[in-house]
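Asker: There's a structure below that I have some questions on.
The values are calculated or read from the model by the stated rules, or taken from the named source; none is laboratory data. This structure is a prediction, so every number in the text was calculated from the model and none was measured. Cβ atoms come from the backbone with ideal geometry, glycine included; neighbour counts cover every protein chain shown.
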Amino acid sequence: KQIADWISEDIAAGKTLCSAPLPAWVGQVDGVHKPEGSYSAAKNAYIGRSKLPVYARQPFKQAVLGENAPDPRTAGNTVFEDESIRLWTAPGADDVLIASFKAVELAEGRYKGVVVWQPTSLSGGPFSAGADLQSMMPAFMAGGPKAIEPEEKKLQDLMLTLRYAQVPVVAAVSGIALGGGTELSVYCAKRVVHFESYMGLVEMGVGLIPGGGGLTYLARRAAEQAQGGDILHFLKTGFQAAAMATVGKSALESRNLGYLLPSDAIVMHAHELLHVAVGQARAMFDAGYRPPMPGQTFPVLGRNGIATIRAQLVNLRDGGFISAYDDEIATRIATVLCGGDVEEGAPADEATLMALERKHFCELLGQSKTQERIMGMLQTGKPVRN
């Protein structure tokens, strides 16, 4: 009512664009939105939310001023919580565990699946912007690159835990999912992605290679797509995306870059994301979901593939399109993707390629130009070209 009085005063003083008075109902109600609903001038009554299924099924609906809406950070039945994670179940979906980042061991014994979801997605926040470089620096300064390798191994082990969980793990992605966020997503059994999601392996921008299993995934996926044919044809998309730190500007672009499968679900409304993800986890469990067999091998391109990619990189470097240090980092990316110094077609497993990831990630951390890029990003938020 106070707002209406202010506007009426401005109308009387001639300060508004229009001299027409406010409608009569404005002075008859003491608020537009209340817990019981929103005021309808046509019906002269407060109308509750629509009962259409598309709205009723959303665990967290778009809230309006004055509404007593549940807080996604505290809603549901909390199963476990500490300073870094909350595991919970939603009302009506107590057979699927929802996590803000890990939960497999608990879910395997008691639930049908795990959904990895960030409550901030409801307000346009990120799924995961990747590793926190600032928090990494104290350990690096104290122990050098070797102090980081155990942490990288833990991250890779987490990815494998997601991949080989006995219940389906579904990533509910919305907003920014860069670096480790993309790696976490691709190691889940399925992804449900909001259309306005941005995925990519962007470590090149800070002088590093993806170190959480992302390159291993791209190599394995290329071998699966090739089905005994030309692996390089499928690998080049992933290589170019990682070497250029390309970010998909939508879920469709992220799929074209190789970070989503054709079978992954894309939803247009962020408030539908959790509902669809829980449904996917249930459906996979009810259909008899079984994870892949650990330890399987796949063919890699080896030294011949590295040489082929190197020839293209040399042309780009000599043409002034990339710096000498860009060339070095891209060569390390190619080395991991191709499985290292082995024969073309040699079998490799995830452990082998992840070891290569750790090796090159930690070696780059010790390089002065990588340190310049990291500090430049931390201080200015912009990539350093050196």
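Asker: Can you go through Gly279, Gly207, Gly200 and tell me which one is under 21 Å from Ala129 (Cα atoms) and free of Cβ contacts under 8 Å to residues at least 60 places away in the same chain? Please lay out each step first, then the result.
Answerer: Details: Gly279 fails: under 21 Å from Ala129 (Cα atoms); Gly207 fails: free of Cβ contacts under 8 Å to residues at least 60 places away in the same chain.
The conditions single out Gly200.
Asker: Another question, then. Here is a check on your reading of the model: is Val96 at pLDDT 85 or above, buried (at least 22 other Cβ atoms within 10 Å of the Cβ) and assigned by TED's automatic domain parsing to the domain that holds Ala177? Give the derivation first.
Answerer: Numbers: at pLDDT 85 or above: no; buried (at least 22 other Cβ atoms within 10 Å of the Cβ): yes; assigned by TED's automatic domain parsing to the domain that holds Ala177: yes.
Judged against the criteria, Val96 is not a match.
Asker: Can you confirm whether segment 229-236 contains a residue that is without any contact (Cβ under 8 Å) to a residue 60 or more places away in the chain, under 21 Å from Ala351 (Cα atoms) and either within 14 Å of the chain's Cα centre (by Cα) or assigned by TED's automatic domain parsing to the domain that holds Glu350 (or both)?
Answerer: Checking segment 229-236: not a single residue is without any contact (Cβ under 8 Å) to a residue 60 or more places away in the chain, under 21 Å from Ala351 (Cα atoms) and either within 14 Å of the chain's Cα centre (by Cα) or assigned by TED's automatic domain parsing to the domain that holds Glu350 (or both).
Asker: Kindly provide the set of residues from segment 358-372 that are among the basic types (Lys, Arg) and under 23 Å from the mean Cα position of the chain (by Cα), ordered by number. Quick ask: steps written out before the conclusion?
Answerer: Looking only at segment 358-372, we keep the residues that are among the basic types (Lys, Arg), and these are 358-359, 369.
Across segment 358-372, the qualifying residue is only Arg358.
Asker: Next question, about the same structure. Among the candidates Ala165, Ala189, Ala131, single out the residue that is modelled with pLDDT under 90 and at negative phi.
Answerer: Going through Ala165, Ala189, Ala131 in turn, just one is modelled with pLDDT under 90 and at negative phi: Ala131.
Asker: Hey, any hits in segment 252-272 for a residue that's crowded, with 21+ Cβ neighbours inside 10 Å, within 19 Å of Ala107 (Cα to Cα), in contact (Cβ under 8 Å) with a residue 12 or more places away in the chain and in the same structural domain as Glu183 (by TED's automatic domain parsing)?
Answerer: No: zero hits.
Asker: What are the residues in segment 170-206 that are part of a loop (DSSP other than H, G, I, E, B) and in contact with a Leu (Cβ under 6 Å, 6 or more places away or on another chain), if any? Step through it out loud before you land on a result.
Answerer: The first filter runs over segment 170-206 and keeps only residues part of a loop (DSSP other than H, G, I, E, B), leaving 179, 187-189, 201-202.
Matches in segment 170-206: Tyr187, Cys188, Val202.
Asker: Anything in segment 140-164 that is in a helix (DSSP H, G or I), within 19 Å of Ala351 (Cα to Cα) and not aliphatic (A, V, I, L, M)? List them, or say none. Steps first, answer last, please.
Answerer: Filtering segment 140-164 for residues in a helix (DSSP H, G or I) gives 140-143, 145-163.
Adding the requirement that they be within 19 Å of Ala351 (Cα to Cα) leaves 146, 148-163.
Matches in segment 140-164: Lys146, Glu149, Pro150, Glu151, Glu152, Lys153, Lys154, Gln156, Asp157, Thr161, Arg163.
Asker: Just a yes or no: is a residue in segment 295-318 within 18 Å of Leu162 (Cβ to Cβ), of a type outside the set (Gly, Ala, Ser) and in contact (Cβ under 8 Å) with a residue 12 or more places away in the chain? Walk me through how you get there before you give the answer.
Answerer: Pass one, segment 295-318, residues within 18 Å of Leu162 (Cβ to Cβ): 295-296.
From what's left, of a type outside the set (Gly, Ala, Ser): 296.
Checking the rest, the ones that are also in contact (Cβ under 8 Å) with a residue 12 or more places away in the chain come to 296.
The answer is yes; a qualifying residue exists.
Asker: Identify all residues within segment 219-277 that are touching a Lys or Arg at 6+ places or on another chain (Cβ under 8 Å), modelled with pLDDT of 95 or more and in a helix (DSSP H, G or I); write none if there are none.
Answerer: Phe234, Gly238
Asker: Okay, moving on. Consider Val167 carefully, then state whether it is farther than 24 Å from Ala346 by Cβ and part of a loop (DSSP other than H, G, I, E, B).
Answerer: yes
Asker: Criterion first (in a helix (DSSP H, G or I), under 25 Å from Ala219 (Cα atoms), modelled with pLDDT of 95 or more and within 28 Å of the chain's Cα centre (by Cα)) does Ala355 satisfy it?
Answerer: On the way: in a helix (DSSP H, G or I): yes; under 25 Å from Ala219 (Cα atoms): yes; modelled with pLDDT of 95 or more: yes; within 28 Å of the chain's Cα centre (by Cα): yes.
Against the criterion (in a helix (DSSP H, G or I), under 25 Å from Ala219 (Cα atoms), modelled with pLDDT of 95 or more and within 28 Å of the chain's Cα centre (by Cα)), Ala355 qualifies.
Asker: Out of the residues in segment 8-47 meeting the condition of being in a loop (DSSP other than H, G, I, E, B) and of a type in the set (Asp, Glu), tell me which one is nearest to Lys61 (Cα to Cα).
Answerer: Filtering segment 8-47 for residues in a loop (DSSP other than H, G, I, E, B) gives 13-23, 28-32, 35-36, 41-44.
From what's left, of a type in the set (Asp, Glu): 30, 36.
Details: Asp30: 24, Glu36: 15 Å.
Checked segment 8-47; the qualifying residue nearest to Lys61 (Cα to Cα) is Glu36.
Asker: Answer with yes or no whether Gly295 is outside any strand (DSSP E or B), modelled with pLDDT of 95 or more and on the phi > 0 side of the Ramachandran plot.
Answerer: Considered against the rule, which asks whether it is outside any strand (DSSP E or B), modelled with pLDDT of 95 or more and on the phi > 0 side of the Ramachandran plot, Gly295 comes out as no.
Asker: Would you confirm whether any residue within segment 168-182 is farther than 17 Å from Ala129 by Cβ and not β-branched (Val, Ile, Thr)? Even if it seems obvious, please write down each step before you answer.
Answerer: Applying the first criterion (farther than 17 Å from Ala129 by Cβ) to segment 168-182 yields 168-170.
Restricting the remaining residues to those that are not β-branched (Val, Ile, Thr) gives 168.
Yes: one or more hits.
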